[in-house]
Amino acid sequence: MAKLIDGKLISSQIKDELKNKIENEGISATLAVIQVGNDPASTVYVGNKKKACEYIGIGSKSFELGDNTTEDELLALIDRLNDDEMINGILVQLPLPSHIDEKKIINRISPLKDVDGFHPWSVGNLCIGQEGFVSCTPAGIIELLKRSDIKIEGKECVVIGRSNIVGKPMALLLLANNGTVTVCHSKTKNLKDICKRADILVAAVGKPKMINSEYIKEGATVIDVGIHRMDDGKLCGDVDFDDVSPHAGAITPVPGGVGPMTIAMLMVNCVQAATRKER
């Protein structure tokens, strides 16, 4: 049976480390969280982020805007927060209503406050190995691997999915840690054959239980980024956990794997934003 990679435990360790750092070094930071509309899932995510801020000892300011908020109004708010020296990080909860251009909103956030790591400046720095904020989910996956003593260097790594938020930065981070990386997507041929080469397989495909044991090399590390609610109310990932876990060497569960790490790494970015400002 595969070793279970416990994202809840590791995320708690990271938040405790940040809490101690903030207390010992007297760091002051505030995260601005903007939510447009009242999507239930977004409301839960925003609540969890505010709780994490409170736990590690940093401030959070919440901006809850109606569905009818215009793009110009949202851009104006971001401009004010960019100019506010008391705000260290700005997070706009996605998805946004269809009448607002997400790309335009992300690009408007100051790169110095882009704690989500989505701004082109942040992504460009990641590409060339310069300091900058890294997208929280891929950064969390790297921490899961390192803190679980899973070596990346020299390993064959396969990422299924090429989104700007997970797939592309995930591939860059694995490459930066000296993995040999293949990125697969909806147009990839012989997907199972490519996946079966992987020592580390990251599934971010967005289809419930798509990845079964036919995709898995014996003893591989399997990281499941997906989260879906089934008809019976239970949560599952992109990986068929019950089918895959007897063949994997290590695997993340859903829930309790990658998910908690995303918020933990957001907190890491918030503290980094405050300490960079102090330099």
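The values are calculated or read from the model by the stated rules, or taken from the named source; none is laboratory data. All values reported here derive from a predicted model rather than from experimental measurement. Glycine gets a Cβ as well: all are built from the backbone with ideal geometry, and neighbour counts include every protein chain shown.
Identify, from the list V159, V181, the residue that is farther than 17 Å from N212 by Cα and within 21 Å of the chain's Cα centre (by Cα). Give the derivation first.
Details: V159 fails: farther than 17 Å from N212 by Cα.
Unique residue meeting the criteria: V181.
In the set A220, A264, which member is under 23 Å from the mean Cα position of the chain (by Cα), among the small types (G, A, S) and farther than 11 Å from C157 by Cα?
On the way: A220 fails: farther than 11 Å from C157 by Cα.
The match here is A264.
Run Q13 past the list (1) in contact with a Pro (Cβ under 6 Å, 6 or more places away or on another chain); (2) of a type outside the set (F, W, Y); (3) closer than 22 Å to S148 by Cα and report the number of the one that doesn't hold.
(1)
With surrounded by fewer than 18 Cβ atoms within 10 Å (Cβ to Cβ), touching a residue at least 12 places away in the same chain (Cβ under 8 Å) and over 30 Å from V222 (Cβ atoms) as the only criterion, which of K3, K8, K21 stands out? Give the derivation first.
Working: K3 fails: over 30 Å from V222 (Cβ atoms); K8 fails: over 30 Å from V222 (Cβ atoms).
Within the list K3, K8, K21, the selection yields K21.
Just for strands (runs of 3 or more DSSP E) wholly inside segment 165-279: which have at least 2 residues that are closer than 30 Å to N20 by Cβ? Give the derivation first.
Details: elements: 180-184, 200-203, 221-224.
Correct list: 221-224.
Being touching a residue at least 24 places away in the same chain (Cβ under 8 Å) and more than 18 Å from A273 (Cβ to Cβ) is the filter here, so list the residues in segment 40-60 that pass it. Give the steps one after another, and end with the answer.
First, pick out the residues of segment 40-60 that are touching a residue at least 24 places away in the same chain (Cβ under 8 Å): 42, 45-46, 48-49, 52-53, 55-60.
Across segment 40-60, the qualifying residues are S42, Y45, V46, N48.
Output the residues belonging to segment 139-151 that are touching a residue at least 12 places away in the same chain (Cβ under 8 Å) and either assigned to a helix (DSSP H, G or I) or in contact with a Leu (Cβ under 6 Å, 6 or more places away or on another chain) (or both).
Listed by number, the residues that qualify are A139, G140, I141, I142, E143, L144, L145, R147.
R229 is checked against (1) more than 21 Å from the chain's Cα centre (by Cα); (2) at pLDDT below 95 and fails just one. What number does that condition carry?
(1)
Residue by residue, here is whether (1) touching a residue at least 40 places away in the same chain (Cβ under 8 Å); (2) surrounded by 14 or more Cβ atoms within 10 Å (Cβ to Cβ) holds:
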{"position": "A32", "(1), (2)": "yes, yes"}
{"position": "N38", "(1), (2)": "no, no"}
{"position": "T69", "(1), (2)": "no, yes"}
{"position": "L74", "(1), (2)": "yes, yes"}
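Wholly within segment 23-123, which helices (runs of 4 or more DSSP H) include no fewer than the required count, namely at least 3 residues that are over 27 Å from L173 (Cβ atoms)?
It comes to 40-56, 71-83.
Just to be sure, is I90 closer than 10 Å to A32 by Cα, touching a helix residue (DSSP H, G or I) at 6+ places or on another chain (Cβ under 7 Å) and among the hydrophobic types (A, V, I, L, M, F, W, C)? Even if it seems obvious, please write down each step before you answer.
On the way: closer than 10 Å to A32 by Cα: yes; touching a helix residue (DSSP H, G or I) at 6+ places or on another chain (Cβ under 7 Å): yes; among the hydrophobic types (A, V, I, L, M, F, W, C): yes.
Yes; evaluated as a whole, the condition is true for this residue.
So which residues in segment 117-129 are touching a helix residue (DSSP H, G or I) at 6+ places or on another chain (Cβ under 8 Å) and either surrounded by fewer than 19 Cβ atoms within 10 Å (Cβ to Cβ) or over 14 Å from I78 (Cα atoms) (or both)? Step through it out loud before you land on a result.
To start, the set of residues in segment 117-129 that are touching a helix residue (DSSP H, G or I) at 6+ places or on another chain (Cβ under 8 Å) comprises 117-123, 126-127, 129.
Scanning segment 117-129 gives G117, F118, P120, W121, S122, V123, L126, C127, G129.
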